[in-house]
Amino acid sequence: MTSVRRPILLLLSAVLVLLLTACEFSASTANIGSAILARDEAGSEPTTTFAPTDTFYLIVELNNAPDDTTVRAVWYAVDGGDVAPANTLIDEATLTSGSGTLTFDLVSDTQWPPGTYRVELYLNDEIAQTLEFSVAE
C-alpha cells in the first residue's frame, strides 16, 4: 500500500508545481502598510482636501517587499466640473522598491480645478487601495 502512495504523491506534487508555475504564482508577502495624502513631502500635513495651488503628495509604507516590487499611482479627476470629463486620467507613476517609504507627487502648471479626485494604488499590477480627495476653492 505504501509503495503505491509514494508515486501518486510524487505525481500530484509535480502537477501542483506545474500548475503554480503556469499561473505565475507569487508567494510575495509585499503589502501596503499605509497610504496617506498630504500637503507636504514628509507627510506631516495629511489631508483629503487640497487648495488649488497645492502639490498632491501620496506617502506609501511598503512592507515585506522584495527589491523588485512595483508600486504604481494612477491619478484621476473624478469630477472637475466643466474643465474635464468625469474620471479623466491625469497622470500615473511607477516606483520599484523594497520595503520602506515611497513618495509620489502630482504637480500642476496651473491651478487644480475645484472638484473631486482619486488616486488608485497598484501593488505589482494589482489594485491595492483607492484614496479619494478633493480640491476646494
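Roughly how many nanometres apart are two label points built 7 Å out from the Cα toward the Cβ at Thr55 and Thr88?
2.3
What FRET efficiency would be calculated for the residue pair Asn31, Thr103, taking the C-beta separation as r and a Förster radius of 25 Å, to the nearest 0.05?
Values: r = 18 Å, r/R0 = 0.72.
With a Förster radius of 25 Å, E is 0.90.
Assuming 0.36 nm per residue, please report the length gained on full extension of the stretch Asn64 to Glu41 beyond their Cα-Cα distance. Walk me through the numbers on the way to the answer.
Values: separation 23, 0.36 × 23 = 8.28 nm, distance 2.29 nm.
Length difference between fully extended and current span is 6.0 nm.
Values quoted throughout were computed directly from the atomic coordinates according to the rules given, and no laboratory measurement underlies them. Just so you know, these numbers come straight off a predicted model, no measurement behind them. Cβ coordinates were reconstructed from backbone atoms using ideal geometry, including for glycine residues, and neighbour counts include every protein chain displayed.
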